[in-house]
Amino acid sequence: MDINLTEKLKQYFGFDKFKGEQERVIRSLLEGNDVFVLMPTGGGKSLCYQLPALIMDGTAIVISPLIALMKNQVDVINGISEDSGLAHYLNSSLNKSAIDQVKKDVREGRTKLLYVAPESLTKDDYVDFLKSPGVKVSFYAVDEAHCISEWGHDFRPEYRRIRPIINEIGKAPVIALTATATDKVRIDIKKSLGMPDALEFKSSFNRPNLYYEVRPKTDGVDKQLIKFIKANHGKSGIIYCLSRKKVEELAEVLRANDIRAAAYHAGLDTQTRSETQDNFLMEEVDVIVATIAFGMGIDKPDVRFVIHYDIPKSLEGYYQETGRAGRDGGEGVCIAFYSHKDLQKLEKFMEGKPVAEQDIGRQLLQETAAYAETSVCRRKFLLHYFGEDYPNENCGNCDNCRNPKEKVEGREELIVLLNAIIALKENFRSQYVVDFIKGRGTDDIVSHNHDKLEEFGSGEDMDEKFWNPVIRHAMLAGYVRKDVESYGLLKITDLGKDFLKNPVSFPIMKDTDFRQLDYGGNGE
Ligand code: ADP
Ligand code: ZN
């Protein structure tokens, strides 16, 4: 197709050139392919469906989870052109006559983009309307597509119904977009949306201007926080807490210390929330103390720090939240406070949930704990988690790289680990493998008769705290991988097999021992 897309970009959006993969994404969609876009927050995803929608015949259906975001996007699109009726939305906030007006605009072919909330899309009335003969769908865009997966940080069951509904309304190309790129989520999205042959476009998730640090959460955490904020006087920042109660308390403490702070969580009324947001954007308030309800759709380019007062429940969420710092490319300091006690608390919270959900929750939490405890480059760790290889040994912009730990030789341990994985037929997760290596006769191990194997207890006298970092380093070095489909079964790679034939040096760094650093004593 030889449309001059750059011209269209200029015409509609006033931009001179495409960002990253935008142009290739758009061409693929225009050619009628299913397309899958993975870009970090701020990467420019929206334009990937907005521009083709404006170019193509018919109406693009955009499925988006947030009503507030929808309105915002519709306003933006309608602001770009003289013809103000290019975008509309259908959701529960509209009354009957507004809905009828939107339907009329769609039927008459004026609407190029129709934003629909997933729960609206599942309503018979809308489905009947969208499949009626007067409506021509150019394509479907599924925004925040990770909401389809229980492995994402924002699972929404209605998203699972998107494919059947698309089939009912009438087939057209599908473009799925997300800023969550773990393999597990990626596979879930393609499966659930029925797009096995979708063309995938993934841009790097690295945010070089963000500085990552993890600090032990000790009794003096509030003091540390106040000191940090005062040292960054006048800069905008967000502090995330897990509970509404903590949000209120901490905001109060900060205010008592002459910091212009405000609380934000879903328990506050709409007006207060929107005022707080405005005050933050207008810089009447410097620091927002919030639950994760805050942030989606807030495009403040100069947020200079994002602090996690409590450890996040998943690294997906963590990455999304820290991604709100330094969008303008300037400084962005991301600090997480971590304690073993908090981890145990979160695990306890999960106990009442369905077993499958608990299992997922625990595994996500373990990854967060591993991130906090590791001594390897945090950027390398995060990018590896998102399936990306960060080639440098030292990023220069995380605590671990600025204060590198001493390395110790881990060759013998790696040999023990690889042999154990092989003995277990590559069919178990890391905790099981560690128990096996340590010679612990857990019920699970005994029931598999694995305590009878020669390799059982082969690393008995080696330091317990060594094993998680050995596994982590082995993954980062490509000797071992966690299987995606089965989520977490440890597999040995070709490189790992080569290593066993010819073991080379394997320097590793021990994890930080947070049990000893915990607040309120020894953390037991
Ligand atoms: P995402 O949805 O991936 O987080 P957005 O679609 O909100 O990202 O885009 C982030 C910012 O980049 C927006 O302010 C948008 O206007 C801007 N942007 C998108 N594409 C371009 C482009 N080609 N040139 C310049 N700015 C762009
Ligand atoms: Zn680093």
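Numbers at a glance
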quantity: Kirkwood Rh and Cα Rg combined as Rg over Rh, evaluated for region 36-78; calculated: 0.95
quantity: Debye log10 I(q)/I(0) at q = 0.11, 0.19, 0.26 Å⁻¹ for region 18-89, Cα point scatterers; calculated: -0.28, -0.87, -1.41
quantity: The chain: calculated mean residue ellipticity at 222 nm from DSSP helix runs of at least 4, using -39500 (n - 2.57); calculated: -11500 deg cm²/dmol
quantity: Sorted by Cβ neighbour density within 10 Å, fewest at the top, the residues Thr6, Thr322, Thr59, Thr512; calculated: Thr6, Thr512, Thr59, Thr322
quantity: Crossing angle, helix 411-423 versus the chain [Cα axis fit, 0-90 degrees, rounded to tens]; calculated: 70
quantity: Nearest-0.05 FRET efficiency for Glu406 and Gln358, computed from C-beta distance (R0 60 Å); calculated: 0.95
quantity: Diffusion constant of region 269-393 at 25 °C, which comes from Stokes-Einstein with the Kirkwood Cα-pair radius and 0.890 mPa s, µm²/s; calculated: 151
quantity: Gap separating the Cα centres of region 165-192 and region 453-488, nearest whole Å; calculated: 33
quantity: Ordering of 491-501, 213-223 by packing [mean C-beta count within 10 Å, highest first]; calculated: 213-223, 491-501
quantity: Residues Arg110 and Glu454, FRET efficiency given R0 of 56 Å [Cβ-Cβ distance, rounded to 0.05]; calculated: 0.15
quantity: Ratio Rg/Rh [Cα only; Rh per Kirkwood] for the chain; calculated: 0.99
quantity: Cross-link pairs Lys45/Lys190; Lys96/Lys136; Lys452/Lys491; Lys202/Lys235; Lys465/Lys501; Lys8/Lys96 - those with Cα-Cα distance over 28 Å; calculated: Lys202/Lys235; Lys8/Lys96
quantity: Reachable lysines, given that their alpha-carbon falls under 17 Å from the alpha-carbon of Lys345 and they are not under 8 places away in the same chain; calculated: Lys217, Lys245, Lys246, Lys313, Lys353
quantity: Quotient of Cα Rg and 2.2 N^0.38 Å for region 397-524, N being how many residues it contains; calculated: 1.12
quantity: Computed label-point distance, nm, for sites Asn392 and Ile80 using a 7 Å Cα→Cβ extension; calculated: 3.4
quantity: Fraction of alpha-carbon pairs over 24 Å apart in region 123-275 - percent; calculated: 58
quantity: Residues Leu364, Leu476 arranged by fewest to most Cβ contacts within 10 Å; calculated: Leu476, Leu364
quantity: Ascending count of other beta-carbon atoms within 10 Å, so fewest first, for Val62, Val446; calculated: Val446, Val62
quantity: Positive-end residue, the chain charge dipole about Cα centroid, Cβ charges, pick of Ile437, Ile189, Val25; calculated: Val25
quantity: For region 1-111, with +1 on Lys and Arg beta carbons and -1 on Asp and Glu, the positive-most of Thr41, Asn4, Ala87 along the dipole; calculated: Thr41
quantity: Shape metrics for region 90-207, restricted to C-alpha atoms - Rg then Dmax, Å; calculated: 15.3, 46
quantity: Listed peptides 255-262, 235-242 by packing density, highest first (mean Cβ within 10 Å); calculated: 235-242, 255-262
quantity: Cβ charges +1 (Lys, Arg) and -1 (Asp, Glu), total dipole of the chain, debye; calculated: 620
quantity: Estimated vicinal HN-Hα couplings, Hz - region 221-233 in sequence order (Karplus 6.51, -1.76, 1.60; Gly, Pro = x); calculated: 4, 4, 4, 4, 4, 4, 4, 4, 5, 5, 5, 10, 3
quantity: Pairwise FRET efficiency - Arg24 versus Lys230, Cβ, R0 = 60 Å, nearest 0.05; calculated: 0.80
quantity: Farthest positive-ward along the chain dipole, Cα basis, beta-carbon charges - from Asn232, Pro118, His384; calculated: Pro118
quantity: Beta bridge orientation in the chain: antiparallel %, DSSP, nearest 5; calculated: 10
quantity: Lys, Arg +1 and Asp, Glu -1 on Cβ, resulting dipole of region 41-106 about Cα centre, debye, nearest 20; calculated: 260
quantity: Nearest-20 debye value, region 115-231 charge dipole, Cβ charges on Lys, Arg, Asp, Glu; calculated: 420
quantity: Spherically averaged projected area of region 472-511 from its Cα convex hull (nm²); calculated: 3.2
quantity: Contour excess over end-to-end distance, with Cα ends at Glu200 and Asn72 and 0.36 nm allotted per residue; calculated: 43.3 nm
quantity: Rounded to whole Hz, the Karplus (6.51, -1.76, 1.60) HN-Hα couplings of region 17-29, x for glycine and proline; calculated: 9, 6, 9, x, 8, 3, 5, 5, 4, 5, 4, 4, 5
quantity: Extension gain, Asp498 back to Lys345 (0.36 nm per residue minus Cα-Cα distance, nm); calculated: 50.9 nm
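None of the figures in this text is laboratory data; all of them are computed from the coordinates on show. Please read all numbers here as calculations on a predicted model, not as lab measurements. In this analysis, Cβ positions are derived from the backbone assuming ideal geometry, glycine residues included, and neighbour counts consider all displayed protein chains.
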